[in-house]
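Asker: Dropping the structure in here first, questions after.
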Amino acid sequence: MNITSGGMAILGYAIGAVLLRYLSPQEVFAVATALTGGGLITVAVTVRERSIRLTRRPGLRQTWTTNIELFSRSGQRALLLNLWVPNGLIVGCEALFISYAPHHAGVFLAAGSAGMLLGDLAVGRLFTAEQRRRYAFALRLLLAVPYLLFAVHPPVLVATAAVFIASAGFAATLPLQEQLLELTPDPVRGQVQGVESAGRMTWQGIGAAIAGGIAQHFTSGTAITFVAAVSIAITVFSRPFVVRARAVRIQAANA
């Protein structure tokens, strides 16, 4: 899913750039709306439900009970924190590309999508599960450290390379998700995946709002640098809790 999303993002930026040579932005949005509507119709007509149906649909009380139990465990809290917050803050950096470099924002966004695609492909397909766990912390740092260059307003090519390299760090999501699922009982794994995904998307919006708020009072480059530094700090200071969660998982497996 991540690879498909990254690939389509790159293709979308390319098609949008071509369309903008011949259409106004409003007309491009109209084309995008029509294509999205066509996609929805295609899905509605062709996709059929094939999952195992529950004998009883879980109610709101059961959902909240499971969520409360999930957040009561320190290991899972630490993993969710690392899946949500550093990721969301870096999306906040990306949200400032247009204000930082209006004439090159499209290049930055395309580079980010390409880096994410390459990172997911390499980490998900070329790394073993043990290698993913071993390099998870380095990937989380990689996600934010290149953005510190924006403090000195690097040339466009350097900034583009930094965005590309940093976006490969989004692949840190994969080993963290694996670790989270290993700590989760089978009956509620689906709900935990839903909580993780919803929280990650929510924090992407929060990250954009935080970065935008900071950019209202400082330059976009300063805001990008500050938000990236906060992402690094959260990753570093929460590492012992993530390691402890892994230790708990290993002890449980040995038991």
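Asker: It is to be established whether one or more residues within the stretch 151-161 are crowded, with 21+ Cβ neighbours inside 10 Å, under 24 Å from Leu118 (Cβ atoms) and not hydroxyl-bearing (Ser, Thr, Tyr). Don't jump to the end; show me each part of the working.
Answerer: Filtering the stretch 151-161 down to residues crowded, with 21+ Cβ neighbours inside 10 Å leaves 159.
Subsequent filtering for residues that are under 24 Å from Leu118 (Cβ atoms) retains 159.
Then keep just the ones that are not hydroxyl-bearing (Ser, Thr, Tyr); that gives 159.
Within the stretch 151-161, one or more residues are crowded, with 21+ Cβ neighbours inside 10 Å, under 24 Å from Leu118 (Cβ atoms) and not hydroxyl-bearing (Ser, Thr, Tyr).
Asker: While we're looking at this one, here's another question. Quick one: how many residues across the stretch 144-196 are more than 19 Å from Ile90 (Cα to Cα) and free of Cβ contacts under 8 Å to residues at least 24 places away in the same chain?
Answerer: Filtering the stretch 144-196 down to residues more than 19 Å from Ile90 (Cα to Cα) leaves 155, 157, 178-195.
Narrowing the set further to residues that are free of Cβ contacts under 8 Å to residues at least 24 places away in the same chain leaves 155, 157, 181, 185-187, 189-190, 193-194.
Number of matching residues: 10.
Asker: Go through the stretch 112-133 and give me each residue that's under 12 Å from Val163 (Cβ atoms), crowded, with 23+ Cβ neighbours inside 10 Å and aliphatic (A, V, I, L, M).
Answerer: Met116
Asker: Can you pull out the residues in the stretch 160-172 that are of a type in the set (Val, Ile, Thr) and modelled with pLDDT under 95?
Answerer: So the first thing to find is which residues in the stretch 160-172 are of a type in the set (Val, Ile, Thr), and the list is 160, 163, 165.
Result: no residue meets the conditions.
Asker: Let me ask something additional. Just one of Arg249, Arg140, Arg200 is part of a helix (DSSP H, G or I), within 20 Å of Gln76 (Cβ to Cβ), in contact with a helix residue (DSSP H, G or I) (Cβ under 6 Å, 6 or more places away or on another chain) and modelled with pLDDT of 90 or more; which is it?
Answerer: Being part of a helix (DSSP H, G or I), within 20 Å of Gln76 (Cβ to Cβ), in contact with a helix residue (DSSP H, G or I) (Cβ under 6 Å, 6 or more places away or on another chain) and modelled with pLDDT of 90 or more holds for just one of Arg249, Arg140, Arg200, which is Arg140.
Asker: When you go through Pro185, Pro175 one by one, which is the residue that is crowded, with 20+ Cβ neighbours inside 10 Å and either of a type outside the set (Lys, Arg) or at pLDDT 95 or above (or both)? It would help to see each step written out before you state the result.
Answerer: Numbers: Pro185 fails: crowded, with 20+ Cβ neighbours inside 10 Å.
Of Pro185, Pro175, the one residue that is crowded, with 20+ Cβ neighbours inside 10 Å and either of a type outside the set (Lys, Arg) or at pLDDT 95 or above (or both) is Pro175.
Asker: Please state which one of Ile234, Ile224 is in contact with a Leu (Cβ under 7 Å, 6 or more places away or on another chain), touching a residue at least 40 places away in the same chain (Cβ under 8 Å), surrounded by 16 or more Cβ atoms within 10 Å (Cβ to Cβ) and part of a helix (DSSP H, G or I).
Answerer: Numbers: Ile234 fails: in contact with a Leu (Cβ under 7 Å, 6 or more places away or on another chain).
Being in contact with a Leu (Cβ under 7 Å, 6 or more places away or on another chain), touching a residue at least 40 places away in the same chain (Cβ under 8 Å), surrounded by 16 or more Cβ atoms within 10 Å (Cβ to Cβ) and part of a helix (DSSP H, G or I) holds for just one of Ile234, Ile224, which is Ile224.
Asker: Okay, moving on. Which residue pairs have Cβ atoms closer than 7 Å, lie 6 or more positions apart in sequence or on different chains, and pair a first residue in the stretch 81-99 that is free of Cβ contacts under 8 Å to residues at least 12 places away in the same chain with a second residue that is assigned to a helix (DSSP H, G or I)?
Answerer: Ile98/Ala105
The values are calculated or read from the model by the stated rules, or taken from the named source; none is laboratory data. No experiment lies behind these values; they were computed from the predicted model shown. Don't worry about glycine lacking a Cβ; one is built from the backbone with ideal geometry, like all the others, and counts go over all protein chains shown.
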